[in-house]
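Asks: One structure follows; several queries about it will come next.
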Amino acid sequence: MITLTIVCCIAVLVSSILLYSRELNNAMHNKIDVALNVVQSEIADLSTKAYLAALAMAKNPDLIEAIVSNDRDKIVATAFALQDIAPVDYGTVLDAEGTVIIRTHQPSMYGDNIPHLPHIRSAIAGETAMYVMQGVTVRLGVAAAAPV
């Protein structure tokens, strides 16, 4: 009788542990799925904002005029004005070869050449493109570029 009771207790314990483990795994998978959906939605939203901001900056007549006249002060002022109204964290204006004219998040750092970045390469090729990428200054972000 004691052996039967011990075997039954062990069977109930093992069954309870397995059920608890399965429910815990299901709950964790549900939470992970919800978190994944939130992250994917946020990335899609940021991608749309970056893409539209890049298009708007590329089509801005003041910025185009400043780039054509090679007026760096006007380019800087226009870039900061556009960055203030765009739903993005920063903006970068480059020349046709990929040399940085202004970075709104690091205004003192310019003159370097960055045509190796995929979104810059696309803009130099005449395409508007958006990428999710890792960077040195911004660890993970959405970057979009459009040719002026």
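Asks: Evaluate region 123-144: report whether one residue or more is of a type in the set (Gly, Ala, Ser), modelled with pLDDT under 90, surrounded by 13 or more Cβ atoms within 10 Å (Cβ to Cβ) and farther than 21 Å from Lys49 by Cα.
Replies: Looking through region 123-144, none of the residues is of a type in the set (Gly, Ala, Ser), modelled with pLDDT under 90, surrounded by 13 or more Cβ atoms within 10 Å (Cβ to Cβ) and farther than 21 Å from Lys49 by Cα.
Asks: Please identify the pairs in which a residue from region 96-119 that is polar (S, T, N, Q) has its Cβ atom under 9 Å from the Cβ atom of a residue that is loosely packed, with under 11 Cβ neighbours inside 10 Å and assigned to a loop (DSSP other than H, G, I, E, B), counting only partners at least 6 apart or on another chain.
Replies: Correct list of pairs: Thr99/Gly111; Thr99/Asp112; Gln106/Thr137; Asn113/Glu97.
Asks: Can you tell me which residue is nearest to Asp112 (Cα to Cα) among those in region 67-95 that are more than 24 Å from the chain's Cα centre (by Cα) and in contact (Cβ under 8 Å) with a residue 12 or more places away in the chain?
Replies: Checked region 67-95; the qualifying residue nearest to Asp112 (Cα to Cα) is Arg72.
Asks: Further question on the same structure: Give the residue, chosen from Asn37, Asn30, that is over 22 Å from Tyr131 (Cα atoms) and either of a type outside the set (D, E, K, R) or more than 30 Å from the chain's Cα centre (by Cα) (or both).
Replies: So the residue among Asn37, Asn30 that is over 22 Å from Tyr131 (Cα atoms) and either of a type outside the set (D, E, K, R) or more than 30 Å from the chain's Cα centre (by Cα) (or both) is Asn30.
Asks: It is to be established whether one or more residues within region 74-86 are in contact with a helix residue (DSSP H, G or I) (Cβ under 7 Å, 6 or more places away or on another chain), buried (at least 17 other Cβ atoms within 10 Å of the Cβ) and assigned to a loop (DSSP other than H, G, I, E, B).
Replies: Yes, region 74-86 has at least one match.
Asks: Right, here's the next one. Could you tell me which of the residues Ile6, Ile43, Ile64 is free of Cβ contacts under 8 Å to residues at least 24 places away in the same chain and either under 26 Å from the mean Cα position of the chain (by Cα) or in a helix (DSSP H, G or I) (or both)?
Replies: Ile6
The values are calculated or read from the model by the stated rules, or taken from the named source; none is laboratory data. Fair warning: this is a prediction, and the values are worked out from it, not measured in the lab. Cβ atoms come from the backbone with ideal geometry, glycine included; neighbour counts cover every protein chain shown.
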